[in-house]
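Taking it in order: structure first as structure tokens, then the write-up.
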Amino acid sequence: GVAYACYYLSSIAKKPQLVASNDRFCRFLEEYCPVVTETYYPTIWCWEGRVQTLLRPFITSRPQVQYRNELIKTADGGQISLDWFDNNDSLYYPDASTRPTVLLLPGLTGTSKESYILHMIHQSETLGYRCVVFNNRGIAGEDLLTPRTYCAANTEDLEAVIHHVHSLHPSAPFMAAGVSMGGMLLLNYLGKTGRDTPLMAAAIFSAGWNVFESVESLEKPLNWLLFNYYLTTCLQSSISRHRQMLEKLFDMDLVMKARTVREFDKQFTSVMFGYRTIDDYYEDASPCRKLKSVGIPVLCLNSVDDVFSPGHAIPVETAKQNANVALVLTSCGGHIGFLEGIWPRKCTYMDRVFKQFVQAMFEHGNKIFSM
């Protein structure tokens, strides 16, 4: 026990690496988001990345959230499901017109019901903020009105949602946070728009920076067994109930035979969005290619032991070339894991980073450029 404790304290519990070229951004984070400079103590009995990834959905609690659903139409005749947490009982921001708003983007097959989304809303509720969850097409129980779903590279639906939310509350400070594929989509949007966005800042968690490296990592035998096959079946399940609509354009029997994410993307995703090859899609979907163009403050949290986004693929040198970007890299944490404490049910390290960063930006964001 003593030997294990010594190993844990010397090799596992470490301060995260903060990567940022902008000294003012660093000082801002150190003062108003100090969690990014503090030692991260992973749960002592499950600190390994794959274990954290697997256990988080089962261990963490699911705070009760009452949503208001809204369906909005898209230019191509489709619809998008938004789940609003209005926080009308906010004591800090009783005026709904100026209540800070956080747009939340779940992962690949995730919805507003994911535990990590519920925890973000719970953190936002305590601060008095409003949240709206962007559910990708066909995922949250709504029907597909056109034979189109979503992907990490196409930002049209996200642009429509951001414009819609901003038009409803034009005087409210507005931020976004994306998790996993939601983070990739958000980064690709920010790389495309630069400073031309109503968002004042963004937080990114466990994004896959280079899709080629991500799928290669997931195709290693153990990772395929633990994650890849299951994720592929989740993707197939998410489209199976829309089969009648999608059969107009796709050989669904072939799509349902996919046994890896790469095979699914080759037969379905890349075809749907008009890419000549799957490599063309993966290149366009990789946020590392667009990071230099991000024009608002962005904080990105990754663990270097994340099999979905391996540490060697995190664009550290590219991030150093953009003063708007800060990377926070932990040695442990897995994919959307970041469990801490002996029994990590209520709050993860990721939750604390989210809470401190959104509060820092909403309440002190004007100081970034004056420090």
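The values are calculated or read from the model by the stated rules, or taken from the named source; none is laboratory data. All values reported here derive from a predicted model rather than from experimental measurement. Cβ coordinates were reconstructed from backbone atoms using ideal geometry, including for glycine residues, and neighbour counts include every protein chain displayed. Heavy atoms of the whole protein, side chains included, go into the accessibility calculation; ligands, DNA and RNA do not. Shrake-Rupley method; radii C 1.70, N 1.55, O 1.52, S 1.80 Å.
Laid out as a table, the results:
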{"item": "Whole-number D in µm² s⁻¹ for the range 211-285, Kirkwood Cα-pair radius fed into Stokes-Einstein, 37 °C, 0.692 mPa s", "result": "258"}
{"item": "Long-range amide H partners of Phe174 with built H, under 5 Å", "result": "Thr101, Met200"}
{"item": "MRE, 222 nm, helices only [DSSP H, n ≥ 4, -39500 (n - 2.57), over the chain, to nearest 500]", "result": "-9500 deg cm²/dmol"}
{"item": "Rough spin-label spacing in nm, given labels placed 7 Å along Cα→Cβ, for Asp279 and Glu31", "result": "4.9"}
{"item": "Accessible area per residue in Å² at 1.4 Å probe, computed on the range 211-285", "result": "55"}
{"item": "Structure-derived volume of the Cα convex hull per residue in Å³ - corresponding label in [x] 187; [y] 134; [z] 430", "result": "[y]"}
{"item": "Between the range 211-270 and the range 36-62, the Cα center-to-center distance that results, in Å", "result": "27"}
{"item": "Choice from Ala326, Ala75, Ala96 showing the highest fluctuation, given a GNM over the chain with Cα pairs closer than 10 Å", "result": "Ala75"}
{"item": "Asn366/Lys192 FRET efficiency (R0 35 Å; Cβ-Cβ; nearest 0.05)", "result": "0.85"}
{"item": "Ranking by accessible area, most exposed first, for Val2, Val307 with a 1.4 Å probe", "result": "Val2, Val307"}
{"item": "Pair Glu317, Ala3: separation of 7 Å Cα→Cβ label points (nm)", "result": "4.1"}
{"item": "Fully extended contour minus Cα-Cα distance, from Ile72 to Met200, at 0.36 nm per residue", "result": "43.8 nm"}
{"item": "Near-label residues of the range 61-101 by backbone N, under 14 Å of a point 7 Å along Cα→Cβ of Lys248", "result": "76-79"}
{"item": "Options Val261, Met181, Trp343, ranked by Cα towards positive dipole end of the chain, top entry (Cβ charges)", "result": "Trp343"}
{"item": "Lysines whose Cα lies under 19 Å from that of Lys367, excluding same-chain neighbours fewer than 8 positions away", "result": "Lys355"}
{"item": "Point-charge dipole on Cβ atoms (K/R +1, D/E -1) for the chain, about Cα centre, debye to 20", "result": "320"}
{"item": "Pairs from Lys192/Lys292; Lys192/Lys290; Lys14/Lys290; Lys220/Lys292 whose Cα-Cα separation, in the structure shown, is over 19 Å", "result": "Lys14/Lys290; Lys220/Lys292"}
{"item": "Rg ratio (alpha-carbon, reference 2.2 N^0.38 Å) - the range 26-117", "result": "1.48"}
{"item": "The range 211-285: relative contact order as a whole-number percent, Cα under 8 Å and 6+ apart", "result": "33"}
{"item": "Most to least accessible of Trp209, Trp343, Trp47 (protein chains only, probe 1.4 Å)", "result": "Trp343, Trp47, Trp209"}
{"item": "C-alpha center-to-center spacing [the range 288-340, the range 114-184] in angstrom", "result": "20"}
{"item": "HN-Hα J in Hz across the range 72-88 - Karplus 6.51, -1.76, 1.60, θ = phi - 60°, x for Gly and Pro", "result": "10, 8, 10, 5, 8, x, x, 9, 10, 9, 10, 10, 9, 10, 6, 6, 5"}
